[in-house]
Amino acid sequence: MSLLNMKWNRSKRPIILVVALLMSAAAFVGFNRDDKNFDLAKNLDIYYTLFRELNLLYVDEVQPEKLVKTSIDKMLESLDPYTTYIPESEIEDFKFMTTGDYAGIGALISKFKDDVVIAQPYEGAPAQKAGLRAGDIFLSIDGKSTTDMDTQDVSNLLKGQAGKSLEVKVRRPGIDKDKEMKFTIVREKIHIPAVPYFGMLNDKTGYIRFTNFTKDCSEDVKKAILELKEGKGAKNIVLDLRGNPGGLLWEAVRVSNLFVPKDQEIVSTRGKVKQWDKTYTAPALPVDTIIPIAVLVNSGSASASEIVAGSIQDLDRGVVIGTRTFGKGLVQTTRDLSYNAKLKVTTAKYYIPSGRCIQALDYSHRNDDGSVGKVADSLITEYSTHNGRKVFDGGGIAPDIEVKPEPLSNLTINLITKQMFFDFATRFANSHKTIASPTEFEVTDAIYAEFKQFLKKEKFTYKSRSEQLLKDLKKAAEKEKYYDMSKEQFEILASKLGTDIDKDCKQFEKEIKEMLTDEIIRRYYYRVGAIKAAIKDDKVIKEAVIVLNDKARYKSILKPKTEK
């Protein structure tokens, strides 16, 4: 019997009203869904017709693949920096980021002036074994000239099937500039270790440098802990996460699990698709839940690094030392697309054991100009650690002990950006066969004098920030016709603020020598040597050693502050 033929009586009216409301709601939802589908179809059609017309009529030849990628990249960029499109041509680079493995010659490359050069060959990799050095300038690869190529083009030529050889021609600075050097290199499968170095800082304190959360990196950290404890007698552990940009979330859970009990909650994720919300607990028995730990962080510690540092802090399992972390509390999921491409899309935020999310930037509420602001102070919430200490969300992990790095002088920054350290170290290494060990080598006054002569020969110049501001002020004064009445004062200021390279090299000698030391040691002892050399003068490491060896202070940091 249809509704129209039913008898309308008082007892049935509420039921009919509910059914009618549900039908209306369903129709409304369906209308909204259809409306969204129509908008999507309409805009995709507009995009297709626009692209077709461009391809057909644009005055110059266009590259369809490049145009599409540019439009996709710009679209995703409007959401957040972590939602990205990965075309098939970049899949190998994506795999390297998650596994630390690839097939190639085993070297970092970079742009140096107009050339692509080897920035650092990996120790024991094909490039180093064949005789290539940092600073070598690529001329050709398998007969293809590298002139006008960028680093990605050169990287694509160097990578390939393991076991297959390639021929590389380079020019070496410091050697006859017209001389070509030829190398035949056999590609190998390259693995970049997540723990490039671990060792003892003193007879009680072990140190682990941990640089990336790639597949199975937790096993590398576990091995380092066991060797330090059982092989070298470590009673404390320093876990250095400075500059570690993160990686696989599951590996962050496993690394945290090395120090906390099985089944302990480490992190949870929550997003729009509720079925994907998940709580991650420690899956295995830990290595050690008692040994004192200092976790070192800075503004370059992000994502998975923040999960580890944050969970250690929230569970009062160790002390966090350094500066505030980056503040990336967003989770990405990789989805397959057509033609072997992939989409890495932000699907959730992660929350550490206290319940806080440490995402620093609010991408969902942009400013009128499209820029993204920090999470407002009014929206920052207080949470409590396991022991009742106060911690806060909305901007990375704040360290328990803050140790700020010394700011670099404008001179040193210019020497870095203009690649003076790199160029000098290249020439130094090509004229000096050996140097002292990483822990003993130092830049002597003679080497420093040689560096200053090198700067003069290269006609190195720079302007201080003060000079630039004065120059801008002078322009403004001239425009507003105040300069003539203040000309004398401007000239006095200009003479006082003007850069004097000899004077500045003397004033900032200590930090310049430290930079030179690092760059030169890398030429002879590679990445591990540079880490060993840097440890001895590292303020953050020194503070960690002091705290870990002062048990009373260590314990007091992990207790809540009493109200006065």
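Reported to the nearest whole Å, the Cα centre-to-centre distance from region 181-229 to region 341-415 is 28.
Of the cross-linked pairs Lys74/Lys390; Lys456/Lys539; Lys111/Lys182, those separated by over 29 Å at the C-alpha level are Lys74/Lys390; Lys456/Lys539.
Rounded to the nearest whole Hz, the Karplus-based 3J(HN,Hα) values (6.51 cos²θ - 1.76 cosθ + 1.60, θ = phi - 60°) of region 343-357 follow the sequence 10, 9, 10, 6, 10, 6, 10, 10, 10, 8, x, 6, x, 8, 9, with x at glycine and proline.
With contacts taken as Cα pairs under 8 Å and at least 6 residues apart, the chain reaches a relative contact order of 11 percent. Each label point was placed 7 Å from the Cα along the Cα-to-Cβ direction; for Asp45 and Lys463 their separation is 5.5 nm.
Between Ala234 and Lys229, the built amide H atoms are under 5 Å apart, and every one of these is 5 or more places off in sequence or on another chain.
The mean of 1/r over all distinct Cα pairs in region 197-402, once inverted, gives the Kirkwood hydrodynamic radius of 17.6 Å. Across region 211-255, the mean sequence separation of Cα contacts (distance under 8 Å, 6 or more residues apart), normalised by length, yields a relative contact order of 70 percent. Which of the pairs Lys222/Lys532; Lys215/Lys342; Lys459/Lys503; Lys481/Lys503 have their Cα atoms more than 23 Å apart in this structure? Among Lys222/Lys532; Lys215/Lys342; Lys459/Lys503; Lys481/Lys503, the Cα-Cα distance tops 23 Å for Lys481/Lys503. Hey, what angle do you get for helix 217-226 against the long axis of the chain, alpha-carbon based, 0 to 90 degrees rounded to 10? Result, in degrees: 60. Holding the Cα-Cα limit at 25 Å, pick out from Lys272/Lys374; Lys36/Lys272; Lys374/Lys513 the pairs that are longer than that. In this structure, Lys374/Lys513 exceed 25 Å between Cα atoms. Out of the GluC sites (Glu not before Pro) in region 82-155, which ones are loop residues according to DSSP with at most 15 other C-beta atoms within 10 Å? Sites meeting the loop and neighbour criteria: Glu123.
Quick one: angle between helix 445-457 and the longest Cα principal axis of the chain, in degrees between 0 and 90, rounded to 10, please. The two axes meet at around 80 degrees. Compared with the dominant principal axis of the Cα atoms in the chain, helix 304-314 is inclined by about 80°. Per-residue packing, averaged as other Cβ atoms within 10 Å, sorts the ranges 509-516, 126-133 into the order 126-133, 509-516, beginning with the highest. Each listed q (0.09, 0.11, 0.13 Å⁻¹) maps to a log10 I(q)/I(0) for the chain, found by the Debye formula over equal Cα scatterers with no solvent: -0.92, -1.27, -1.49. With viscosity 0.692 mPa s and temperature 37 °C, the Kirkwood radius over alpha carbon pairs of region 120-222 converts through Stokes-Einstein to a diffusion coefficient of 203 µm²/s. Computed over the chain, the per-residue total of -39500 (n - 2.57) for DSSP H runs of n ≥ 4 gives a 222 nm mean residue ellipticity of -12500 deg cm²/dmol, rounded to 500. Straight-line reach from Lys561: taking Cα to Cα under 17 Å and skipping same-chain neighbours fewer than 8 places apart, the aspartates and glutamates in range are Asp314, Asp316, Glu382, Asp400, Glu402.
Since every read-out is calculated from the coordinates, none of them should be taken as a lab result. The shown structure was predicted, so the numbers you read here are calculated from the model rather than taken from an experiment. Neighbour counts run over all protein chains shown; Cβ positions are idealised from the backbone, glycine included.
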